[in-house]
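The values are calculated or read from the model by the stated rules, or taken from the named source; none is laboratory data. The structure presented is a predicted model; accordingly, all values stated were derived computationally and were not measured. Glycine gets a Cβ as well: all are built from the backbone with ideal geometry, and neighbour counts include every protein chain shown. For accessibility, only protein heavy atoms count, side chains too; no ligands or nucleic acids. Shrake-Rupley method; radii C 1.70, N 1.55, O 1.52, S 1.80 Å.
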Amino acid sequence: MLYGRQAEQAIIDELLHARSGALIVRGEAGIGKSALLDYAATHARVRVLRVNGVEAEADLPFAALHLLLGPVLDHLGALPPQQAEALRGALGLGGPTRGDRFLVGLATLNLLVELSAAGPVVCLVDDAQWLDGESADALLFATRRLHTEPVAVLFAAREGLPTPGQPELRLGGLDTEAARRLLAEQASDLPPVVRDQLLTEARGNPLALVELPRMLTAEQRKGALVPMSFTLGTAEPVTDRVLTGFRDRIAELPAATRSCLLVAALDDRAALSVLARAVGLLGASLTDFAEAERAGLARVGPEGVAFRHPLVRTAVLLVCDIGVRMAAHRALAEAVDDDRRAWHLAAVTLQPDEQVARELERLALRARQRGGQTAVSAAYARGAELSVDPAEAVRRWTAAAGAAAEAGLWERAGELVAKALRLAEGVTLAGSVPAELAQVRAKLEIEAGRPLNGVRLLHEGAEAAGDQLAKLSLLSLAGFYTWASTPRPDQLALARRTEELCPDGGGLAEVVRTFNRAFRLIIEGDAVTTLAYRTPGPADSIPFEVWFILTFQATVRADHDGLREGASRIVEDCRAGGRLGRMPQAMTMLSIAQLVSGHHRSARATVAAGLDLAADIGQPQWSSYLAGMHAWLSAVAGAQEECEAMAEEALRDAEQRRWMPGTYWAEYARVMLDLGAGRFEAVLDRVERASTGPARHAFLWRYAWPDYVEAAVRAGDPQRAQGRLKLYAEWAKATGEARPLAVLHRIRALLAPDGEAKGLYERALALHAEGEQPFDEARTRLVYGEWLRRHRRRAEARTQLRAAVEAFDRLGAAPWSVRASAELRATGASLPDRARAGDPLAALTPQELQVVRLAVTGASNREIGAQLFLSPRTVASHLYKAFPKLGVSSRAELARLELT
């Protein structure tokens, strides 16, 4: 029975009733977290999966996840093959995993969702502060992506488990009445004065209320004024006093029993056969546990040893001196035959030992095959500590830092880099180590919001790299981050240095040299930059960084088809390879491609999915980029509050990280908001301020110059547009692409005499027909229709304006549709009050829209789930919700929808 926890029980009941969501129960040791999880397990009345974090297993990758999912691994066949393979590999049940750590989290989520098809599922994770890093990552990733699925997850943790954005229930001490009732149940024979003293000392901690009475001597139990074994009236935390009590009781046990408890404390999950062998090597046997059982400290069962409380394990380690602990580690190293052996050997190795260091490195390599970067880092770090050769130690510190960075453990990675640097002084480093160390340091600088410091380190790494492919990859990153930084005095010099470091030669070297030259010219303010190179080979032969930038710079050439094809391929490659950690970056590129191509609904869906994923896996720089594009799309849709909120989010993250792209999109979003609302002077002011602002060297401002020209004309100041018209014309002609040339003819028509305007508009429409861009084409039809109406050519105007209204409606561009509708009415056309009699697609959430788009192609729920990293059940749920919004009842009816 739980005392005084009615409010907390009600919160858990609410979660169990909702059958979906997560809750983190926090509090000090002994405060009752496990008891609340027991309550949840008893009252769930559904399938319950449970695991306890164990401190001794914190460096064993996916140890806790394996125990949690062990009972349901026979359901792995229900997952998409890629996810099933990743989870098997992570749990050591298959070959090396090809995906990254986030794919394991996704597989965990979808396995739980698949289980819930047969009934709700509740996962209980106790002592979560001791989860191995990989299990914690997987479970928290899965938890963040739970929406309406009938899966509930409860974590119980002290401090030490970061769970941003998750609801928390913090437990305090029991109130006086509840504490009195619990103490009366445990120690009803104590005199009132003693009970009152215990109530004061326990401070409402349930474990203390149970354990402190057991610490009393016979005289104290009678009320004698004898000092208690725990120091009454001190500020010492109550859990420390309970720990002292456990320690005293353990110290009184026979030596053989203490040895048994120590072996169990050092390897909590060990099977009885392993424990028997290990304690036997110490001159004890399993029967020696009996004294500990009688003392209420531990219980031996078929699955191993269970301690009364985690504090008992801590107390065992405190009681036993270093000699005894080392003997127990040696015994366990002989008794186990898996990855734990290396850690037990390391625990007893106090001097550098290359043999043990190599054993730890082999352990790290095995962990890497399973996708366990946290474990990789820990094993390399301990191997570095035990390395005999300083150069080998630096290599291992560097590998440990790189793995920590991959795991998102930035503070830990910085500590490991510092150790590598201290040891590297005066040491000759061989092979790829100098370049790898420089790259890890660069990542840390970029993550800390110092991208140009990162560029300097990338230069250092490129100069040290002996491998051509590695050098080109580092220089690609250097060029990109130089450009992506907000302006700094040394930015141009760094861009030139990147260009100088690019090696001579053709193929990939030529490509990297060319686009780094483009980055430098863009920073210099070159408005006409074009790139002329051939793709040097198949995408799978090119480093991801190079392929990303190669695709990105299609915007410079206005090659929208190439941009969309390249971005789609990058996204598909990341999906196929299970590289979820790359997906926010890839989805950013695809969003840009969809946006500049005028496919706004697709862009909104991709942006929304990318933002969710970037938040889930902690990638704020891509969140900033995507938030800025979200703001732009909201501006075009006329959603002012949403636009402003997303622009602020983009600017906040961009300013913290000196990250120019997010700033650019936020500023451009506000330009489009003003343009759609008819605030033309504000448009002119914003664009002019941007030319000296933190995003002044963003190449994509060229895409905004036509907006500036239109605003100048509508503000009655066409002369103001001449400078940017000239620059835009130079760039559009240099690209030779139909889309920018169509826009060029449109803005020239806005400025042209009446005798020339019609021909320019007609030429613009002809060019639009050569290169699809629905938003730009609709805008051309709008201004052409306005021109025709002003010249009393109403029938022709109606044709253009009606087409513009229909296109704006399909795109969800509300203010533009309103403006076109007003012009259409002015021609005498009769329209209903709502020309857009409800666009059903507008009612869909971005994820529902993504699912519907794929369903239209005939893809099954399983195929859709594999593409969108969702379970088939979640796909079915989205379709179930989308059908009534779309006014359809089956997949077959989806074919009539127009999806832009």
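For this structure, a couple of remarks:
- Heavy-atom SASA rank of 860, 20, 871 (probe 1.4 Å, accessible area, largest first): 860, 20, 871
- Filter on 33/222; 726/758; 733/758 - keep pairs with C-alpha separation over 23 Å: 33/222
- Accessible surface, 1.4 Å probe, highest first, among residues 670, 517: 517, 670
- With the whole protein complex present, residue 854 retains an accessible surface near 30 Å², based on a 1.4 Å probe.
- Residue separation of residue 863 and residue 717 scaled by 0.36 nm, minus their Cα-Cα distance, works out to 47.1 nm of gained length.
- Sorting 51-58, 464-471 by their mean Cβ neighbour count within 10 Å, with the most densely packed peptide first, gives 51-58, 464-471.
- 5 angstrom amide H check on residue 126, placed H, neighbours 5+ away: 51, 52, 53, 156
- Protein heavy-atom accessible surface, 1.4 Å probe, per residue over the chain: 39 Å².
- Cβ-Cβ FRET estimate between residue 189 and residue 324, R0 fixed at 45 Å, reported to 0.05: 0.75
- Label-to-label distance, nm, for residues given as residue 822 and residue 733 (7 Å Cα→Cβ offset): 3.6
- Placing one equal scatterer on every Cα of the chain and applying the Debye formula, the log10 ratio I(q)/I(0) at q = 0.05, 0.11 Å⁻¹ is -0.37, -1.32.
- Nearest-0.05 FRET efficiency for residue 118 and residue 303, computed from C-beta distance (R0 25 Å): 0.45
- Over the chain, dividing the summed -39,500 (n - 2.57) contributions of all DSSP H runs of at least 4 residues by the number of residues returns a 222 nm mean residue ellipticity of -20000 deg cm²/dmol.
- The stretch 596-683 - percent relative contact order, Cα under 8 Å, separation 6 or more: 27
- Under the Debye formula (equal points on every Cα, no solvent term), log10 I(q)/I(0) of the stretch 294-409 at q = 0.15, 0.21 Å⁻¹: -0.79, -1.11
- All-pairs Cα distance distribution in the stretch 11-82, expressed in whole percent, bin size 10 Å: 15, 37, 38, 10, 1
- Treating each Cα of the stretch 107-220 as one equal point scatterer and applying the Debye formula with no solvent, the log10 of I(q)/I(0) at q = 0.12, 0.13, 0.17, 0.20 Å⁻¹ comes out as -0.63, -0.68, -0.83, -0.97.
- Heavy atoms of residue 612 accessible to a 1.4 Å probe, total area in Å² rounded to 10: 90
- Residues whose amide H falls under 5 Å from that of residue 47, counting only those 5 or more places apart or on a different chain, are 122, with hydrogens built in the peptide plane.
- Measuring between their Cα centroids, the stretch 854-900 and the stretch 326-384 lie 49 Å from each other.
- What the Cβ-Cβ distance of residue 362 and residue 177 gives, at R0 = 35 Å and to the nearest 0.05, is a FRET efficiency of 0.05.
- Across all C-alpha atoms in the stretch 553-682, the radius of gyration and Dmax reach 14.3, 49 Å.
- Projected label distance in nm at residue 425 and residue 691, using a 7 Å step from Cα toward the beta-carbon: 5.1
- Carbon and sulfur %, accessible surface of the chain computed with the full protein complex present, 1.4 Å: 50
- Between residue 726 and residue 287, the contour length at 0.36 nm per residue exceeds the alpha carbon distance by 148.9 nm.
- Value of relative contact order over the chain, rounded to a whole percent, pairs C-alpha under 8 Å and six or more apart: 8
- Each peptide among 591-599, 793-801, 485-493, 395-403 gets the average number of other Cβ atoms lying within 10 Å of its residues, and from highest to lowest they stand as 395-403, 591-599, 793-801, 485-493.
- Centroid-to-centroid separation of the stretch 702-732 and the stretch 436-487 [C-alpha atoms, Å]: 37
- Difference of contour (0.36 nm per residue) and Cα-Cα distance, residue 885 to residue 645: 83.7 nm
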